[in-house]
Amino acid sequence: MNPKTDEQALKKYLRGYFILFGVQVLGIGLVVGAHQAHMPGMTIGATMALLVASVFGGFILHQVGRKSALNATFLITAFLLMMLMLLTLVAFYDKPLGTIR
Amino acid sequence: MEAVAHAAPHHHTGGHGHEHHHHDPGFWRTYVFSTDHKVVGIQYGVTALLFMLLGFSLMMLMRWSIAYPGQVIPVVGPLLENIFGTDMAARGIMSADLYNSFGAMHGTIMVFLAVVPLATGAFGNYVMPLQIGAPDMAFPRLNMASYHLYFWGGLVLLASFFLPGGSAKSGWTSYSPLATFADGHLINGQTFWIMGMALLITSSLLGSVNIITTIIQMRAPGLTWMRLPFFVWAQFVTAFLLLLAFPPLEAAAFMQLSDNLFGSSVFLPTGLVINGQPAAVSGGGNPLLWQHLFWFLAHPEVYVLILPAMGIVGEIIANNTRKPLWGYKTLVYAVFALGFLSFIVWAHHMYLTGMGTSISTFFQTTTMLISIPSVIILTCLLMSLWGGSIRFNTPMLFALAFLPMFAVGGLTGLPLGFSFSDMHLHDTYYVIAHFHYVVAPGTIFALFAGVYFWFPKATGRMMNEFWGRVHFWLSLIFMNALFLPMFQQGMAGMLRRMYNGGATYAATDTEVGLPASILHLNVNISHAAWFLGIAQIPFIINFFWSIRHGQKVTSDNPWHATTLDWQTPTPPPHGNFIGEVAVHRGPYDYSLPGQQSDFAPQNKA
Amino acid sequence: MDIPYSATPRPDTGLYNAKVGMWLFLASEVMLFGGLFSAYVLLRAGSETGTWPHGLLKVWLGTLNTGVLITSSITVVMAWASLKLGNLAAFKKYMAATLICAAVFLGIKSTEYRDKFTHYEVWLTNGQRMTGHIEGSPWLWNTQTLAAKKIDKLAFLPDANHYALGPIAAAHGAEGAGQGGHFKVEIAVAEIKRLSAFTPAHSPYFAIYFTMTALHALHVLGGALVLAWFLGPGVGGWKKNPELFTNRVEVSGLFWHFVDLVWIVLFPTLYLF
């Protein structure tokens, strides 16, 4: 890749990056604001939105150099992470009948 | 990466003298701080074999305590007293504490310091880049770092033997709260165990990143994915298991470290009582959390142990039957399925922790599912033998023995995968027999096969065939004499991890317990273990003797193999291949009709 | 001997080696922090009512740190983009800004740690619980310290509110009670069942808080050291092989972004919920 030729693409990439930055700043403002206003549901919702925005924004930005091998790796990782968190939690709540805590 | 930065100026100056200078880096850079994947592989191999001998020696001592509890250990007893002190081995008698610390370290050493480094570190490093036609690993310096981290992790674990109170004693599983309270000292064997494991995990992380990157990026032109030798596929999936399964254990290890050093309660429940006293901790933690995070690693780890072994067996069977592997694509898909499923079966180690029925059912189902790809792989390897004109040399004997031995280990695992039968068998010698059949006459036989098979490539000399066969037959006999009776003991209800081999629970006239016939098996098993130790002497001598005095190979390809690892000079020089490598055919073109020779190397147009 | 594709991408995968390696490493890191995060979820789900502390961290400091960290991820991208455009001077400027952000982040984090080490909860034998400070702000005391120092009375400055029990009423012998919550109590050590600073030993919440944030801080520190290397001794790499140097800055930037992302998860989890 010649640094000079894809200057245009770079500019576009940076623009995307600044948009993501703006979204993150807004998102954090929203999360903290909701927390200060004692709206727990809103805090959780805003946090989720912020996370999704960060992950997907980052994902789309890094598509520049990303190829199928890596996408597959990340799908597997995401799946395993879900499994780790979900199954431990289900195992925790799934008590045999008559268990006393 | 770094090597390029150094090599680039050489190209600009263009002098051959510079190149030569680059190739003669002196003793330290050649043997200790080498970045050459072959040297790193041999470093891994020799270190791991030594650790394996150590792990086995610990077990031979423990077998004395099991067979003859409370009796002075002959020959080495006084030595143990000198090394470990009178608390641990008074008058040369193994104490329960010493037994526990040996037991924990036997497991840790065998899994993390011997078998995995040998399978992925040694064979993965030495053979895999050769098989894909690469000049080296993708990150040579990282490769060196991962060996050194492994080595230091091993030293930390070894050093823990000499701490006051001895090494970790809570089993290789290090379950909390036992692991936190097993020792009174603040800096104790468990702390060292965690530190050592952190180094080992980092090492395997760097190693697996390196292996995957190398396979993705450095395949020779024409070596498409479905032309990769089966061994490379096995390494690829293994590296993914190491990459993704190890970190949760690292996280858990940090939290256990916090419990041990800072008095936190991540794994310590409310109302914990230690030695009749309420423990001075906040409580509120969850001991099962440790087990979840530990087995999230440790079950995939089982497949880390077995997959490279299957890869080695596949290579040797194809080569010595002079036939392509039967169902190559099926094998590849089965390895992937195995790797993937291995992540979601972990709680079948925890049926007795009060898990509910629905989650038990889930894990039973996935556990039964995972036997399907395992059986597919074994069937493909078995079918590959059909109609072949088999060469029975030492590597092939070991590879052939792998098949029934692994089958015994695998099939005896099914009753452990069902929660109802596991209730009875859990934590008995049945479990010990099951997983040792998978790992000892299974994986370790495959690793021996690999050592005999690739020895001529690495050294230019063959290992002695006669003594190889002696080693094989004696090992086979004593492995089975060692592990087969354990099934019987386990089914009779004999628990593992008892320093006196279950004598506590012996039947008496008035009490139901373990019958004398079952307890007497302990003596037979111990004898088998010691004879198995003696059976390794031919291998040890053969290995070191053959490096200098073995029969010289007459060609670069003594086994007439097709894969690229045999198309290099012997031993391969720095950079591996002379000239460009291009691949034109699949990995196992043996016995092609209408050809003069019975094999066609992958780089033959 | 050259390692192929260390500077230029391999045509069929479209990637150079270090990029593959870094993404794989990050996948592993996801599982590392994922393990910790699932520990957090499980511990929280299993905690008894009134034992899970919240509201003990300063939200404004956390918000500030979040801002600092996402700003640093902008500057690291700008540093990489400057290299792409061949502007080494701008690279140095942006990289220095990134490092300053990292230092500010770690500085704020360490003052937060110090605050917790001098902030206490005390459980009395009569069942009363208070959070607050000990007069003189000693570090890291606990029940054993009181016995070791042979103290029999503790001058305690309670907070206005307890995280689980609400407003803390002025206890007996309080001086200046009713002055906006700023009062001092003398507690006889014999009445103290348990005393703990907000350290990992206080509760599983603080154990997981310190494990997660310390591990994250180590990542920030490690990342900052690598970035500092490109600015300092490693800058010569630009002259030798600009493409390789740019690639290295790019993968280090990837790591840096990951560290930011982890913080964006940690901040609401530990500070707000």
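Figures for the structure shown
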item	result
Residue that is surrounded by the most Cβ atoms within 10 Å (Cβ to Cβ), among those in the range C:16-58 that are under 24 Å from residue B:202 (Cβ atoms), of a type in the set (A, V, I, L, M, F, W, C) and more than 7 Å from chain B (Cβ to nearest Cβ)	C:23
Residue in the range A:28-49 that is at pLDDT 80 or above and more than 30 Å from residue C:47 (Cα to Cα) present	no
Residue B:526 vs. criteria in contact with a Lys or Arg (Cβ under 8 Å, 6 or more places away or on another chain) and small (Gly, Ala, Ser)	yes
Residue tally, condition assigned to a helix (DSSP H, G or I) and either among the small types (Gly, Ala, Ser) or closer than 13 Å to residue C:95 by Cα (or both), over the range C:208-245	16
Residue identified as surrounded by fewer than 19 Cβ atoms within 10 Å (Cβ to Cβ), under 19 Å from residue C:246 (Cβ atoms), acidic (Asp, Glu) and at pLDDT below 95 among C:12, C:2	C:2
Some residue of the range B:156-172 being free of Cβ contacts under 8 Å to residues at least 60 places away in the same chain and closer than 23 Å to residue B:245 by Cβ	yes
Identity of the residue in the range B:237-269, at the interface with another protein chain (Cβ under 7 Å from one of its Cβ atoms) and farther than 23 Å from residue B:112 by Cβ, that ends up surrounded by the most Cβ atoms within 10 Å (Cβ to Cβ)	B:264
Residue within the range C:252-264 that is in contact with a Lys or Arg (Cβ under 9 Å, 6 or more places away or on another chain), within 13 Å of chain B (Cβ to nearest Cβ) and at negative phi present	no
Close pairs from the range A:70-96: first facing another protein chain (nearest Cβ under 7 Å), partner outside any helix (DSSP H, G or I), Cβ under 6 Å, at least 6 apart	A:91/B:355; A:94/B:356; A:95/B:356; A:96/B:356
When residues of the range B:500-525 are limited to those that are in contact (Cβ under 8 Å) with a residue 40 or more places away in the chain and surrounded by fewer than 21 Cβ atoms within 10 Å (Cβ to Cβ), the one farthest from the chain's Cα centre (by Cα)	B:503
Residue check for residue B:136: within 14 Å of chain C (Cβ to nearest Cβ), assigned to a loop (DSSP other than H, G, I, E, B) and acidic (Asp, Glu)	yes
Selected residue (only one of B:346, B:295, B:290, B:326 is more than 12 Å from chain A (Cβ to nearest Cβ) and either more than 21 Å from residue B:602 (Cα to Cα) or not basic (Lys, Arg) (or both))	B:326
Among the candidates A:57, A:16, A:22, A:41, residue that is out of contact with any helix residue (DSSP H, G or I) (no Cβ under 6 Å at 6 or more places or on another chain) and under 23 Å from residue C:68 (Cα atoms)	A:22
Out of B:124, B:153, sole residue that is small (Gly, Ala, Ser) and under 30 Å from residue B:584 (Cβ atoms)	B:124
Matching residues, the range C:148-163, being aliphatic (A, V, I, L, M), in contact (Cβ under 8 Å) with a residue 12 or more places away in the chain and outside any loop (DSSP other than H, G, I, E, B)	C:154, C:155, C:157
Hits in the range C:67-113 (condition: among the charged types (D, E, K, R), touching a residue at least 60 places away in the same chain (Cβ under 8 Å) and within 16 Å of residue C:253 (Cα to Cα))	C:84, C:92
Condition check for residue B:273: touching a Leu at 6+ places or on another chain (Cβ under 7 Å) and either buried (at least 23 other Cβ atoms within 10 Å of the Cβ) or away from chain A (no Cβ under 14 Å) (or both)	no
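Table: residues versus (1) closer than 25 Å to residue B:81 by Cβ; (2) away from chain C (no Cβ under 14 Å); (3) touching a strand residue (DSSP E or B) at 6+ places or on another chain (Cβ under 7 Å).
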| residue | (1), (2), (3) |
| --- | --- |
| B:155 | yes, yes, no |
| B:159 | yes, yes, no |
| B:164 | yes, yes, no |
| B:178 | no, yes, no |
| B:190 | yes, yes, no |
| B:199 | no, yes, no |
| B:210 | no, no, no |
| B:215 | no, no, no |
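Here's the yes/no breakdown for (1) more than 21 Å from residue B:252 (Cα to Cα); (2) at pLDDT below 95; (3) more than 10 Å from chain B (Cβ to nearest Cβ); (4) over 19 Å from the mean Cα position of the chain (by Cα):
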{"site": "C:203", "(1), (2), (3), (4)": "no, yes, no, no"}
{"site": "C:214", "(1), (2), (3), (4)": "no, no, no, no"}
{"site": "C:229", "(1), (2), (3), (4)": "yes, no, yes, yes"}
{"site": "C:235", "(1), (2), (3), (4)": "yes, yes, yes, yes"}
{"site": "C:243", "(1), (2), (3), (4)": "yes, yes, yes, yes"}
{"site": "C:248", "(1), (2), (3), (4)": "yes, yes, no, yes"}
{"site": "C:266", "(1), (2), (3), (4)": "no, yes, yes, no"}
{"site": "C:270", "(1), (2), (3), (4)": "no, yes, yes, no"}
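Rundown of residues vs (1) surrounded by fewer than 17 Cβ atoms within 10 Å (Cβ to Cβ); (2) acidic (Asp, Glu); (3) at pLDDT 95 or above, yes/no style:
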{"residue": "B:5", "(1), (2), (3)": "no, no, no"}
{"residue": "B:21", "(1), (2), (3)": "yes, no, no"}
{"residue": "B:24", "(1), (2), (3)": "yes, yes, no"}
{"residue": "B:29", "(1), (2), (3)": "yes, no, no"}
{"residue": "B:43", "(1), (2), (3)": "no, no, yes"}
{"residue": "B:47", "(1), (2), (3)": "no, no, yes"}
{"residue": "B:57", "(1), (2), (3)": "yes, no, yes"}
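Here's the yes/no breakdown for (1) of a type in the set (S, T, N, Q); (2) assigned to a helix (DSSP H, G or I); (3) crowded, with 20+ Cβ neighbours inside 10 Å; (4) under 21 Å from the mean Cα position of the chain (by Cα):
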{"residue": "B:355", "(1), (2), (3), (4)": "no, no, yes, no"}
{"residue": "B:380", "(1), (2), (3), (4)": "no, yes, yes, no"}
{"residue": "B:406", "(1), (2), (3), (4)": "no, yes, yes, yes"}
{"residue": "B:422", "(1), (2), (3), (4)": "no, yes, yes, no"}
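The values are calculated or read from the model by the stated rules, or taken from the named source; none is laboratory data. Please read these numbers as outputs of a predicted model, since none were measured by experiment. Every residue, glycine as well, gets a Cβ built from its backbone with ideal geometry; the counts of neighbours run over all protein chains shown.
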